[in-house]
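Quick notes on the structure that follows.
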Amino acid sequence: MFSWLGKEGRRARAGEGEDVVETVTGGLKELYSKKLLPLEEHYRFHEFHSPALEDADFDNKPMVLLVGQYLLEQDFPGMRIGPEPTTDSFIAVMYGDTEGSTPGNALVVDPKKPFRKLSRFGNAFLNRFMCAQLPNQVLKSISIIDSPGILSGEKQRISRGYDFCEVLRWFAERVDRIILLFDAHKLDISDEFSEAIKAFRGQDDKIRVVLNKADQVDTQQLMRVYGALMWSLGKVINTPEVLRVYIGSFWAMPLQNTENRKLFEAEAQDLFRDIQNLPQKATVRKLNDLIKRSRLAKVHAYIISQLKKEMPAVFGKENKKKELISKLPEIYRQLQLEHHISPGDFPEVKKMQELLENYDFSKFHSLKPKLIEAVDNMLANKVAFLMTLVTQEERNTPNQKVQGGAFEGTTAGPFDHGYGEGAKEGADEEEWVVAKDKPAYDEIFYTLSPVNGRISGASAKKEMLTSKLPNSVLGKIWKLADCDNDGMLDEEEFALAKHLIKIKLEGYELPTSLPLHLVPPSHRKSLRGAE
């Protein structure tokens, strides 16, 4: 699908704020190892929730996880494409000076890659995991995680040999974007796809939905397809916020139906901007994930210490364990009130009950206030300091964006989105673009009784109100059209005002300041003189 990976690229510019990035990243590593990790280890957090973080987890580039059926325009080692899901492997597509691939078993022992903790999923998974390396410009800024094709129908009954949803959950905690890909002709959410989406709970802010090949249906069908997709997603994703769905044809094939071309272009630009900004927002994401992890680790510590507290010293341990597991929801409510914790910070009850079956509660640790205090201090003070550094980083690296591939061509020449439309129409023409409609505007102008070649603001207002645009918009148009700020409009300024009204009525946005190509010819000299 996505033609992100163009065949040629140019060197990425080093960000001006690299020292700041290193400072923030180093601060995150230190906070985790000194403040949060001791709490996690003491209460066996890694056995219940998520493996310990390593340096590579903080140092790696932003990652994008793709889930669903799709095509990438540039082939990469290990890739297979077919009409049915044929990709049976997780493939990490990353930058490399030369093209090559690394198998899963070798990949999870590389300390420079953020995949070492995936070894816990065993050989069945590692045999279906690899890293494809490409000398590609896009991959200098982001890495792409290609997930296996989603199974449907009878194929769902075939075991993959590893816990597919748990692997997705592991990646979801570490990536910067999760993109769910749907085909306009295949909207059914299979049982496996439904379970996969549920694995992303708690990561809703990272999820984006793409409806691909939307050009293969007409506008009426597209409305029905979009409605059906939102209805299906609503049953799977329990969130009060509506997911952002990008509609278009995200592959390099001719559009079969061009009536929605402008919509597809606008959607593609929005999606590309979202992806392009990931490097600039990556440190914020890592900081945010560390905060979420800290809150969960604290809650976990309270749960484990409470279970330990209620266990008998000698007799009846097994019966008490069963009792505590069954009344876990009640324990949750008790801890919420006692420690003023939001219900949303607690792990899923059913999953926690299943995990607790395997443990001897008498071997759990009692509550250690100093470990909790250390994490509270980190959240209250240290994180706030790092946030100021992150803000400084964003200020110093405003252009730290994904470059190359399809991102390189999104604003190229006349194919920039909106080029030649709305306020940009006539930008590369010698003749004033308003001139073609000026005779019709002049007829209206001279019915408004101009004096010395100008009409008053009151006369202009009466005519402009016939557009039925709100005063807030008409006020902006007046400000743009009254080039000499004399409170009146000559015939060229009036024609410009009518042109701007036309632009707005056609659904385009007004410019914040008047572009040079829209300035009336008789006012261009005075404008240049003022500059």
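The values are calculated or read from the model by the stated rules, or taken from the named source; none is laboratory data. Predicted model, so just to flag it, every value in this text is computed and none were measured. Neighbour counts are summed over all protein chains in view; Cβ atoms, including those assigned to glycine, are modelled from backbone coordinates with ideal geometry. Heavy atoms of the whole protein, side chains included, go into the accessibility calculation; ligands, DNA and RNA do not. Shrake-Rupley method; radii C 1.70, N 1.55, O 1.52, S 1.80 Å.
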Amide H partners (placed H, <5 Å) of ARG44, local residues excluded: none
Reachable aspartates and glutamates, given that their alpha-carbon falls under 13 Å from the alpha-carbon of LYS113 and they are not under 8 places away in the same chain: GLU54, ASP55, ASP57, ASP59
Spatial separation of Cα centroids for region 189-234 and region 438-462, in angstrom: 52 Å
Local electrostatic count at ALA440 - Lys and Arg +1, Asp and Glu -1, tallied over other residues with Cβ under 11 Å: +1
For region 259-336, size of Cβ-based charge dipole, Lys and Arg +1, Asp and Glu -1, in debye: 580 debye
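Around ASP376, with a cut-off of 10 angstrom between Cβ atoms, what is the net charge of the other residues, counting Lys and Arg +1 and Asp and Glu -1?
Around ASP376, the surrounding residues sum to +1.
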Solvent-free Debye scattering, log10 I(q)/I(0), computed from the Cα coordinates of region 208-307 at q = 0.19 Å⁻¹: -1.01
Residue-wise HN-Hα coupling along region 270-280, computed from phi with Karplus coefficients 6.51, -1.76, 1.60 (Hz; x: Gly, Pro): 4, 5, 4, 5, 4, 6, 4, 7, 4, x, 6
Unsatisfied cross-links (Cα-Cα over 27 Å) in the set LYS34/LYS308; LYS424/LYS468; LYS35/LYS317; LYS298/LYS320: LYS35/LYS317
Distance between region 270-330 and region 372-386 - C-alpha centres, whole angstrom: 17 Å
Those lysines that a straight Cα-Cα span of less than 17 Å connects to LYS281, excepting residues fewer than 8 apart in one chain: LYS61, LYS140, LYS206, LYS292, LYS401
Counted charge near LYS317, where neighbours are those whose Cβ lies closer than 15 Å (Asp, Glu -1; Lys, Arg +1): +1
Ranked by how many other beta carbons lie within 10 Å on average, peptides 423-433, 507-517 from highest: 423-433, 507-517
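Counting only heavy atoms of the protein chains, get the accessible area per residue of region 157-197 (1.4 Å probe) and round it to a whole Å² value.
Values: 1620 Å² over 41 residues.
I get 39 Å² per residue for region 157-197.
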Nonlocal amide H pairs with ASN136, under 5 Å, H built at 1.01 Å: GLY96
For region 268-331, with +1 on Lys and Arg beta carbons and -1 on Asp and Glu, the positive-most of SER305, ALA282, LEU328 along the dipole: SER305
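Can you tell me the dipole magnitude for region 439-496 around its Cα centre, using point charges on the Cβ only (Lys, Arg +1; Asp, Glu -1), in Debye to the nearest 20?
Magnitude of the dipole: close to 420 debye.
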